[in-house]
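Below you'll find the structure, written out as structure tokens, and then a few comments.
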Amino acid sequence: MILASLDAKSMIKSKLEPFVHINQIGIETILLDEPNYNRWISKVDKSWEGSIPATAVWQGENWIFIEDSFELYSDLQNIIDKFEIH
Amino acid sequence: MKGIFLALIFIVSSSAFAQIEMPLTKNSVMKKDGTYGDQKGKQSPPPADVMPPKEPIPVLQHDPAQIGNKKRPTVEAEPVLKIGDKIITFSLKNVDGKNYNISNAKKKKAYCIIFTCNHCPFSVKYEDRIIALHKKYGSKVEFVAINPNDPSIVEEDSYENMIIRAKEKNFKFPYLFDEGQFIMKAYGARKTPHIFLFDKDYKLAYMGGIDDNSDDPESVEQPYLANAIDALLKGQKPDVEITKAIGCSVKVKKKS
């Protein structure tokens, strides 16, 4: 699992690092520093309007994209459970 | 192991990570006169050529329980409002306490509807640019900002806080509260900021982002909105009619 932060590069120290620390996010977090959004949003998913949070889950050809936040942890869990993980 | 398994979540650190959000409700109410939302107070009927689409409003929703494995989409999603569609009229409460009705706005060469809000870092980054655009084009283009968020989810986006922000930033354009979130749904506004630019005949000419660099105004190469306005002022169609930009999802109340 990877968290892709769309914070401004200038906010790494002031916002992103404290956020990752305070929320005890023990997963890989990257800063997606590509401000020309129009060039890549549709490359992630053509149905994506650009709102965040947004989540892509995939395995091989199977792909689920959620342009919304999750109300419950189990909502994300249910999506991941749809994939066969061995 | 059957192939690589990956989950990629796009976030911004200042948005609440465990934000409670739910799909929009299925039916948005359209009034008999074809407008949406709060219709209290005096107003004249919209011009005959300013009418919303008659078909039902598509719903933005996801139900994780209903989602099966599927393939990556190969075509763009159909927007709620399409280029060339007529404006959807509205009457909403402005930060000055009065209702603002787009149908009563002075006739101009273009109408720029900006869904934005107080709390979203992307909206905040664009505040000064919106003010500058209004300063440059305001005499010829009607600018209207609308906050589509439910303040029960994000208190910072309450009507009272909108008044404070409008004063702080000295907004010279209306900043309206989309109480009930009817207008956001009717437009298919998914995020803040989200632009809908209409031409002099109230037809949608451009939608999407303001420019191609939210972080740094100095590094902008494509000022999409300004280019689209310039084209309309020359009586031309914008070269770029739709763009996509990152923004904060519109905050919609949890269904109980």
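Take every residue in peptide A:2-13, count the Cβ atoms of other chains within 10 Å of its Cβ, and give the average of those counts. Provide the component values of the computation, followed by the final result.
On the way: counts 5, 7, 5, 5, 11, 7, 7, 2, 2, 5, 1, 0.
If you average over the peptide's residues, the count of other-chain Cβ atoms is 5.
Surface calculation, 1.4 Å probe, protein heavy atoms: A:Ser42 sits at approximately 30 Å² accessible.
Working from label points 7 Å from Cα in the Cα-to-Cβ sense, the A:Ser10 to B:Thr74 distance is 4.4 nm.
Across peptide B:214-223, how many C-beta atoms of other chains are within 10 Å of each residue C-beta, on average?
Details: counts 5, 8, 4, 0, 0, 2, 2, 2, 3, 0.
Average neighbour count from other chains, rounded to a whole number: 3.
If I take R0 = 25 Å and measure r between the Cβ atoms of B:Ile83 and A:Asn23 in this structure, what FRET efficiency does the formula 1/(1 + (r/R0)^6) give, to the nearest 0.05? Spell out each step's value before the answer.
Details: r = 40 Å, r/R0 = 1.61.
Efficiency, from the Cβ-Cβ distance: 0.05.
The label-point distance for A:Glu34 and B:Lys140, in a model that sets each label 7 Å from Cα toward Cβ, rounds to 3.6 nm. Charge tally for B:Val12 (other residues, Cβ to Cβ under 9 Å; Lys, Arg +1; Asp, Glu -1): 0.
Determine by what factor the alpha-carbon radius of gyration of the stretch B:145-256 differs from 2.2 N^0.38 Å, reporting the quotient.
Values: Rg = 15.4 Å, N = 112, 2.2 N^0.38 = 13.2 Å.
In units of the globular-protein estimate, the stretch B:145-256 measures up at 1.17.
Expressed in Å, the radius of gyration and Dmax of the Cα atoms of the stretch A:10-60 are 13.4, 37.
Averaged over peptide A:31-41, how many Cβ atoms belonging to another chain are found within 10 Å of each residue's Cβ?
Values: counts 1, 4, 1, 1, 11, 9, 11, 12, 4, 2, 7.
Mean number of neighbouring Cβ atoms from other chains: 6.
The modelled label-to-label distance between B:Lys107 and B:Glu179, using points 7 Å beyond Cα along the C-beta direction, is 3.2 nm. Restricting the trypsin sites (Lys or Arg not before Pro) of the stretch B:190-238 to loop positions (DSSP other than H, G, I, E, B) with no more than 16 neighbouring Cβ atoms within 10 Å leaves B:Lys200, B:Lys234. Computed with a 1.4 Å probe over protein heavy atoms only, the accessible surface of the stretch B:131-240 comes to 42 Å² per residue.
I need the Debye-formula profile for the stretch A:43-86: one equal scatterer per C-alpha, no solvent, reported as log10 I(q)/I(0) at q = 0.15, 0.27, 0.31 1/Å, two decimals. For the stretch A:43-86 at q = 0.15, 0.27, 0.31 Å⁻¹, log10 I(q)/I(0) is -0.40, -1.06, -1.19. Return the whole-Å distance between the Cα centroid of the stretch A:1-47 and the Cα centroid of the stretch B:185-217. Measuring centre to centre over Cα atoms gives 23 Å. When A:Thr55, B:Thr74 are compared by accessible area of protein heavy atoms, the largest-first order is B:Thr74, A:Thr55, using a 1.4 Å probe.
The values are calculated or read from the model by the stated rules, or taken from the named source; none is laboratory data. Source: prediction; values computed, not measured. Glycine also receives a Cβ, built like all others from the backbone with ideal geometry; neighbour counts cover every protein chain displayed. With ligands, DNA and RNA removed, areas are computed over all heavy atoms of the protein, side chains included. Shrake-Rupley method; radii C 1.70, N 1.55, O 1.52, S 1.80 Å.
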